[in-house]
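Asks: This is the structure, below, for whatever I ask next.
The values are calculated or read from the model by the stated rules, or taken from the named source; none is laboratory data. Every value quoted in this text rests on a predicted model; they were computed, and no experiment measured them. We place every Cβ from the backbone using ideal geometry, glycine too, and count neighbours over all the protein chains shown. All accessible areas refer to the heavy atoms of the entire protein, side chains included, with ligands and DNA or RNA removed. Shrake-Rupley method; radii C 1.70, N 1.55, O 1.52, S 1.80 Å.
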Amino acid sequence: MSDCNIIRDLLPSYISGACHEDTRVFVEEHLEKCEGCRKEYELLRLCEEELLSIIRGLPGNYREVFILHALKGMGFKEIGKRFGKSESWGKMTYKRARGMIAERLGGDSNVGL
């Protein structure tokens, strides 16, 4: 596997700041030398910023439910309890939040999120 393939695999954790210090240095040294990987890094960073901005722009409960389920891995039953609602409320709120995000991204709410 070439360094570029390794770097592409590491970019998401590098962008989020979740990688080890040695990995960060390895990625940064490679990005200094490789224009292709630098371009991919910039594109991923911009996509992450846009998606985070869209998530932050969701109305209160939609934002919280989306974050709790998609990013924190919380189940719908627990989400429902947290809000004093039912499991189905959690599922429906998540589905609507996902739809809002997809709409703002210009896509299909049944894909990816």
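Asks: Please report the projected area of the range 54-113's Cα convex hull averaged over all directions, in nm². Write out the running numbers ahead of the final one.
Replies: Details: hull surface 14.5 nm².
Value for the range 54-113: 3.6 nm².
Asks: Another question, if that's okay. From the gyration tensor of the Cα coordinates in the chain, what semi-axes in whole Å does the equivalent ellipsoid have, largest first, with each one equal to sqrt(5λ)? Write down the numbers at each step before the final one.
Replies: Numbers: eigenvalues 236, 49, 23 Å².
So the equivalent ellipsoid measures 34, 16, 11 Å along its semi-axes.
Asks: Take peptides 15-25, 94-104, 40-50 and line them up by average Cβ neighbours within 10 Å, highest first, as a rough protection proxy. Walk me through the numbers before you get to the answer.
Replies: Working: 15-25: 11.0, 94-104: 17.8, 40-50: 13.2.
So the order, starting with the most tightly packed, is 94-104, 40-50, 15-25.
Asks: Sticking with this structure for a sec: Along the range 77-88, what does the Karplus equation 6.51 cos²θ - 1.76 cosθ + 1.60 (θ = phi - 60°) give for ³J(HN,Hα), rounded to whole Hz, x for Gly and Pro?
Replies: Listing the rounded values in order: 4, 5, 4, x, 4, 4, 9, x, 10, 8, 4, 5 Hz.
Asks: Using 1/(1 + (r/R0)^6) with R0 = 25 angstrom and r between the beta carbons of GLU28 and SER2, what's the FRET efficiency to the nearest 0.05? Let's see the in-between values first.
Replies: Values: r = 18 Å, r/R0 = 0.70.
It comes out at approximately 0.90.
Asks: On to the next question. Which residue, chosen from VAL65, GLY36, GLY17, occupies the Cα position most advanced towards the positive end of the dipole of the chain, where the dipole is computed from +1 (Lys, Arg) and -1 (Asp, Glu) charges on Cβ about the Cα centre?
Replies: The listed residue farthest towards the positive side: VAL65.
Asks: Let me ask you something else. Enter the Cα centre distance for the pair the range 1-30 and the range 51-110, rounded to the nearest angstrom.
Replies: Computed from Cα coordinates, the inter-centre distance equals 30 Å.
Asks: Then there's this: Counting each DSSP H run of 4 or more residues in the chain as -39500 (n - 2.57), what helix-only mean residue ellipticity at 222 nm follows after dividing by all residues, to the nearest 500 deg cm²/dmol?
Replies: Values: 6 runs with 82 residues, N = 113.
Computed ellipticity for the chain at 222 nm equals -23500 deg cm²/dmol.
Asks: About its Cα centre, how strong a charge dipole does the range 1-91 have in debye, to the nearest 20, once Lys and Arg get +1 and Asp and Glu get -1 at the Cβ?
Replies: Values: 14 positive and 16 negative charges, 173 e Å.
Magnitude of the dipole: close to 820 debye.
Asks: Spelling out what I want: for every residue of the range 13-29, take phi, set θ = phi - 60°, compute 6.51 cos²θ - 1.76 cosθ + 1.60 (Karplus), and round to whole Hz; glycine and proline get x.
Replies: 6, 5, 5, 7, x, 9, 9, 5, 4, 4, 5, 4, 5, 4, 5, 4, 5
Asks: Skip the ligands, DNA and RNA, and give the accessible area per residue of the range 15-85 with a 1.4 Å probe, whole Å². Present the calculation step by step, with values, prior to reporting the outcome.
Replies: On the way: 4760 Å² over 71 residues.
Here the per-residue accessible area is 67 Å².
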